[in-house]
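Student: This structure is in structure tokens; I'll ask about it shortly.
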Amino acid sequence: MDFLTKVWAKEAPTPIDIETPTDTKAKPPTPPVVAIDSQDVQDANLSNDQTPSNESKDWGYDLYPERRGVTFKPKWTRILFGMEGQENIDRYKCEQNVYWCVKNGPLVKLMMGALKSSGCPIDLRRHISCEVCDPSVTGGYDPKLNQIVVCQNMAKNKSMVHGVLTHEMIHMFDYCNNDLDFRNVDHLACTEIRAANLAHCSFLSAMFQGDASPFNVKEAHQNCVKTKALASVLAVRNISKSDAIAAVERVFPKCYADLEPIGRRIRRNSTDQQKAYMEGPMYGYDVY
């Protein structure tokens, strides 16, 4: 595997100068990047930095108020309609769904085993957080804290939480195993290509996106992956559409071909998830 998809051996971890528990493979603080997918995926790479409002919008910080130390305050008008005001209940339900996915979700279990084999084991209390987010996203990955965010107000069922966890764990896997720099648009495009390729672009999702075709399934799947990756890059990077397209196209052949650690593209309503989980030990990944 070349470019971003090549796995390099890491040096001894460098302590992160922040007041949070350090990981076994912690990295120096990295300027965070938010990567937001289209509405059906809606994931992001993000950070907890306090930043000016214009920079917050450029990088997506404003979508995750709790990442910036802001306490969520429900509006009374939305409380009257039952849309807000139950944040503690939503958090509890979200944590229940996360726990269910960790115990029963094939792809989540596979990703957790792969992360453990890579030296980046997941502690549920440390690495996964249910929070209130902007309605335009359902989850995110914070590379600075090495933490996955599940948006409790948007990802409200087990299926959505399973998709968020799988998607974000792919970003976490890339960050753990590869020299992934979220400031580099090519790296960002690559990890988004891999997440869309392995976790989301079934025929049905491609159909909703307008990329499906019964005559050329392979090309339709590639177009679906490109569409999702492009939307993610454009949503969080202040670059032109042509530059974003160029980044996606530059890395697409190598990143699309990299199926680690799932090993296959998942078809909807198939046994692919179970097969991928059962095949994990064949490729050296721990069974979680």
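FYI, it's all coordinate maths here, none of it is from the lab. What you are looking at is a predicted structure, and each value in this text was computed from that prediction instead of being measured. Glycine gets a Cβ as well: all are built from the backbone with ideal geometry, and neighbour counts include every protein chain shown.
Student: Quote to one decimal, in nm, the extra length available between LYS241 and ASP286 on full extension: 0.36 nm per residue of separation minus the C-alpha distance between them.
Tutor: 12.2 nm
Student: Now for a separate question. For the pair ASP123/ARG250, report the inter-label distance in nm, with labels modelled 7 Å from Cα in the Cβ direction.
Tutor: Result: 3.8 nm between the two label points.
Student: Charges at C-beta only: +1 for Lys and Arg, -1 for Asp and Glu. How large is the resulting dipole of segment 212-288 about its Cα centre, in Debye rounded to 20?
Tutor: Dipole of segment 212-288, to the nearest 20 debye: 280 debye.
Student: Figure the gain on full extension for LYS158 and LYS103 (residue separation times 0.36 nm, minus the Cα-Cα span) and round it to one decimal in nm.
Tutor: 18.6 nm
Student: Measure up LYS144/LYS275; LYS103/LYS275; LYS116/LYS275; LYS158/LYS228; LYS116/LYS241 against 26 Å on the Cα-Cα distance and list the ones that go over.
Tutor: From the list (LYS144/LYS275; LYS103/LYS275; LYS116/LYS275; LYS158/LYS228; LYS116/LYS241), the Cα-Cα distance tops 26 Å for LYS144/LYS275; LYS116/LYS241.
Student: May I ask you to sort VAL185, VAL102 by Cβ crowding, counting other Cβ atoms within 10 Å and putting the fewest first?
Tutor: VAL102, VAL185
Student: Taking the number of other C-beta atoms within 10 Å as the exposure measure, put GLU249, GLU260, GLU87 in order starting with the fewest.
Tutor: Fewest to most other Cβ atoms nearby, the residues stand as GLU249, GLU87, GLU260.
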